[in-house]
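**Student:** Okay, handing you the structure first.
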Amino acid sequence: MNKIFKCFPDGKFKVLTMSYDDGKLPDRKLVSIFNKYGIKGTFHINSGLIGDENRLKCDEIKTLYIGHEVSSHTLTHPTIARCPMEQVTKEILMDRENLEEIVGYPVRGLSYPNGSYNDSIKKLLKPLGIEYSRIVGNSDSFDLPSDFTEWKATCHHNHNLMEHAKEFVSLYKKQYLYMMYVWGHSYEFERDNNWELIEGFCSYVSDKNDIWYATNIEIVDYINVLDNLKFSAKGNLVYNPSAKSAWISVNDKIMEIKGGTQVVLF
């Protein structure tokens, strides 16, 4: 029996992503640390609070997060499970519109403000153009989410971060796909006086040949590409109808399936 496994880009089997909320001034230092070590992050911003005390302004948001992802956190950060659905709709759509005006690309992700959500809000996201949303808490897991609208991170940076990092880096079984997802707020590093924690983490996990460093939306987009691959019944052919490449392992050989192409596997 031939063995076919889906892979992350370039045949990698691990992905690291970071997720930070609120768009406050300490994001400057956090982004500089990420950039220093080649780590990618997603930054969830309340556009209705831009420019308030200790928050970034529009001009800086446009440039600071280049190479990372700007995502929604609702317009004004209410506890949305308590709000009328009309208000929830406006909070998300207006935040998207404002952020898209700033960054110049579609904003397609969300983190629930105050960790507040319910099934009705989850069902609302897709019609509003939101393709994923992060919840609060720690999964202590490296599994990919079964539901991207209820995406729980591996850990907050104050929850066993280096223990998880060491386990993640040591993973070697390539028949699985692993994801380490870290969340938090950059102002917590100033509050707790522990910037060395995130710097040490980024240094430790950086520049690994088997890790893909990605934003939240890059993971969602790539998983969609993988899920859209069309294999023949015999398994010897694969067609990639997407625009972007996909990577698979065929009998331990890494193969790139370019967008719009059909490939004979064996």
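The values are calculated or read from the model by the stated rules, or taken from the named source; none is laboratory data. For clarity, every value in this text was computed on a predicted model and none was experimentally measured. Because the Cβ atoms are built from the backbone with ideal geometry, glycine has one as well, and the counts that use them run over all protein chains shown.
**Student:** Report yes if some residue within region 220-235 is aliphatic (A, V, I, L, M) and over 20 Å from LYS40 (Cβ atoms); otherwise report no.
**Tutor:** Checked region 220-235: at least one residue is aliphatic (A, V, I, L, M) and over 20 Å from LYS40 (Cβ atoms).
**Student:** In the set ILE50, ILE33, ILE66, which member is among the aliphatic types (A, V, I, L, M), free of Cβ contacts under 8 Å to residues at least 24 places away in the same chain and not assigned by TED's automatic domain parsing to the domain that holds ASP252?
**Tutor:** ILE66
**Student:** How many residues does region 105-155 hold that are more than 13 Å from the chain's Cα centre (by Cα), closer than 11 Å to TYR181 by Cα and buried (at least 17 other Cβ atoms within 10 Å of the Cβ)?
**Tutor:** 3
**Student:** Just to verify a result, which residue in region 194-216, among those that are among the hydroxyl-bearing types (Ser, Thr, Tyr) and in a loop (DSSP other than H, G, I, E, B), is nearest to THR17 (Cα to Cα)?
**Tutor:** Among those residues, the one meeting the criterion is THR215.
**Student:** Could you list, in sequence order, all residues of region 28-77 that are over 18 Å from TYR187 (Cα atoms), among the aliphatic types (A, V, I, L, M) and within 18 Å of the chain's Cα centre (by Cα)?
**Tutor:** Listed by number, the residues that qualify are ILE39, ILE66.
**Student:** What single numbered condition from (1) touching a residue at least 40 places away in the same chain (Cβ under 8 Å); (2) buried (at least 21 other Cβ atoms within 10 Å of the Cβ); (3) hydroxyl-bearing (Ser, Thr, Tyr) fails to hold for TYR187?
**Tutor:** Going through the list (1) touching a residue at least 40 places away in the same chain (Cβ under 8 Å); (2) buried (at least 21 other Cβ atoms within 10 Å of the Cβ); (3) hydroxyl-bearing (Ser, Thr, Tyr), TYR187 breaks only (2).
**Student:** Something else: Looking at VAL182, VAL136 in this structure, which one is in contact with a helix residue (DSSP H, G or I) (Cβ under 6 Å, 6 or more places away or on another chain) and either part of a loop (DSSP other than H, G, I, E, B) or in contact (Cβ under 8 Å) with a residue 40 or more places away in the chain (or both)?
**Tutor:** VAL136
**Student:** Filter region 52-71 for residues that are of a type outside the set (D, E, K, R) and not in a loop (DSSP other than H, G, I, E, B) and give the result.
**Tutor:** The answer is CYS58, ILE61, THR63, LEU64, VAL70, SER71.
**Student:** Then there's this: How about region 155-177: which of its residues are in a loop (DSSP other than H, G, I, E, B) and either of a type in the set (A, V, I, L, M) or farther than 14 Å from VAL15 by Cβ (or both)?
**Tutor:** HIS157, ASN158, HIS159, ASN160, LEU171, TYR172, LYS173, GLN175, LEU177
**Student:** May I ask you to verify whether ASP22 is among the acidic types (Asp, Glu), at positive phi, surrounded by 15 or more Cβ atoms within 10 Å (Cβ to Cβ) and touching a helix residue (DSSP H, G or I) at 6+ places or on another chain (Cβ under 9 Å)?
**Tutor:** Yes.
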